[in-house]
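All remarks here apply to the structure that follows.
The values are calculated or read from the model by the stated rules, or taken from the named source; none is laboratory data. No experiment lies behind these values; they were computed from the predicted model shown. When we count neighbours, we look across all protein chains shown, and the Cβ atoms used for this are built from the backbone with ideal geometry, even at glycine.
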Amino acid sequence: MTASNETSDDLTGYGEGERAESSELKDPWVIEELQADLIDQPLDFIFADHRRQRQAALMLNMVAAGDFEERGMRDLIKFLKDDFVRHIADEELGFFPLLRERCLPEDKIGPLIARLVDEHKDDESCGATVTGLLENRLAGHELGDKDRRDITAFAEHILQHLAVENAVLLPIARVRMDDASLKALSTILKERRAAPK
Ligand SMILES: [Fe+2]
Ligand SMILES: [Fe+2]
């Protein structure tokens, strides 16, 4: 493995084995469910959710390349409308404020979080456009060249965002967040899932 490959694996949060497992053994049209008890280890829970987003980005690129699988497309649309939106709220309402409380000035966490929140806004606007394109595709309409570019750009946006969170934000959180703040985050994640929609 080259140094550049190692960097790429680190940024996406995937090691060689996981990449091989993802590409060779798993159905590429399936987004794995989150392991329920992982919520008691909230940083691992967020990292696992990033793996699901990475799979969603892979599926988006497959759609842009012309692949079609009805059940997988339906699951992808549901993931983008529900799970992906919920993840953003998990971070903005739970993870980011708790992390900000625990960080030291030299962590310069404020500008990083501001950048990530800006990217979440782009996620929400681009996500709405792309789910509309996927729904049209499901309804039998072919994608145009611009549609494919929009879908690919959204997939790239998801991947670069989670790479920053995995490579920069989560490592800071693992150092700075103590047992009390991790417990508080776990409680917020649970309460958000228990609340009526
Ligand atoms: Fe995020
Ligand atoms: Fe995230």
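Quick check on Glu21: is it at pLDDT below 95 and either under 27 Å from Leu134 (Cβ atoms) or within 13 Å of the chain's Cα centre (by Cα) (or both)? Break it down into steps so the answer makes sense when it comes.
Values: at pLDDT below 95: yes; either under 27 Å from Leu134 (Cβ atoms) or within 13 Å of the chain's Cα centre (by Cα) (or both): yes.
Here the answer is yes, as Glu21 does meet what is asked.
Which number in (1) buried (at least 17 other Cβ atoms within 10 Å of the Cβ); (2) farther than 21 Å from Val85 by Cβ marks the one condition that Ala155 misses?
Of everything listed in (1) buried (at least 17 other Cβ atoms within 10 Å of the Cβ); (2) farther than 21 Å from Val85 by Cβ, Ala155 misses just condition (2).
Checking the conditions here, which among Ala36, Ala56, Ala65 is within 16 Å of ligand 1 (Cβ to nearest atom) and either more than 22 Å from Asp123 (Cβ to Cβ) or of a type in the set (Gly, Ala, Ser) (or both)?
Details: Ala36 fails: within 16 Å of ligand 1 (Cβ to nearest atom); Ala65 fails: within 16 Å of ligand 1 (Cβ to nearest atom).
One residue alone meets the criteria, Ala56.
May I ask you to list the residues in the range 177-197 that are not in a helix (DSSP H, G or I) and not aliphatic (A, V, I, L, M)? Write out each step before concluding.
Step one: of the range 177-197, the residues not in a helix (DSSP H, G or I) are 177-178, 195-197.
Once the filter is applied, which keeps residues that are not in a helix (DSSP H, G or I) and not aliphatic (A, V, I, L, M), the range 177-197 yields Asp178, Pro196, Lys197.
Starting from residues that are assigned to a helix (DSSP H, G or I) and surrounded by fewer than 17 Cβ atoms within 10 Å (Cβ to Cβ), keep the ones in the range 39-57 and report whichever is farthest from ligand 2 (Cβ to nearest atom). I'd like the intermediate steps shown before the answer.
So the first thing to find is which residues in the range 39-57 are assigned to a helix (DSSP H, G or I), and the list is 39-40, 42-57.
Now narrow it down to the ones that are surrounded by fewer than 17 Cβ atoms within 10 Å (Cβ to Cβ): 40, 44.
Details: Asp40: 19, Asp44: 13 Å.
For the range 39-57, the residue satisfying everything is Asp40.
Condition check: hydrophobic (A, V, I, L, M, F, W, C), assigned to a helix (DSSP H, G or I) and under 15 Å from Arg174 (Cα atoms). Does Phe84 satisfy that?
Numbers: hydrophobic (A, V, I, L, M, F, W, C): yes; assigned to a helix (DSSP H, G or I): yes; under 15 Å from Arg174 (Cα atoms): no.
No, not satisfied.
For Asp123, only one of the following conditions fails: (1) surrounded by 14 or more Cβ atoms within 10 Å (Cβ to Cβ); (2) at pLDDT 95 or above. What is its number?
Of (1) surrounded by 14 or more Cβ atoms within 10 Å (Cβ to Cβ); (2) at pLDDT 95 or above, only one is false for Asp123: (2).
Of the residues Ala155, Ala195, which single one is more than 28 Å from Asp40 (Cα to Cα) and out of contact with any Lys or Arg (no Cβ under 6 Å at 6 or more places or on another chain)?
On the way: Ala195 fails: more than 28 Å from Asp40 (Cα to Cα).
Ala155 is the lone residue from the list that is more than 28 Å from Asp40 (Cα to Cα) and out of contact with any Lys or Arg (no Cβ under 6 Å at 6 or more places or on another chain).
Condition first: surrounded by 14 or more Cβ atoms within 10 Å (Cβ to Cβ), modelled with pLDDT of 95 or more and more than 25 Å from Asp27 (Cα to Cα). Can you find one or more residues in the range 66-88 that meet it?
Yes.
Looking only at the range 87-112, how many residues end up being without any contact (Cβ under 8 Å) to a residue 40 or more places away in the chain and assigned to a helix (DSSP H, G or I)?
Going through the range 87-112, the residues without any contact (Cβ under 8 Å) to a residue 40 or more places away in the chain turn out to be 88, 92, 96-97, 100, 105-106, 108, 110-111.
Filter again for assigned to a helix (DSSP H, G or I), leaving 88, 92, 96-97, 100, 105-106, 110-111.
The total comes to 9.
So which residues in the range 164-182 are within 15 Å of ligand 2 (Cβ to nearest atom), of a type in the set (Gly, Ala, Ser) and over 18 Å from Pro105 (Cβ atoms), if there are any at all?
Ala167 - this is the single residue of the range 164-182 that is within 15 Å of ligand 2 (Cβ to nearest atom), of a type in the set (Gly, Ala, Ser) and over 18 Å from Pro105 (Cβ atoms).
Listed here are the residues, each with its yes/no results for (1) among the basic types (Lys, Arg); (2) more than 20 Å from the chain's Cα centre (by Cα); (3) under 20 Å from Glu92 (Cβ atoms).
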residue	(1), (2), (3)
Ala128	no, no, yes
Glu142	no, yes, no
Asp150	no, no, no
Phe154	no, no, yes
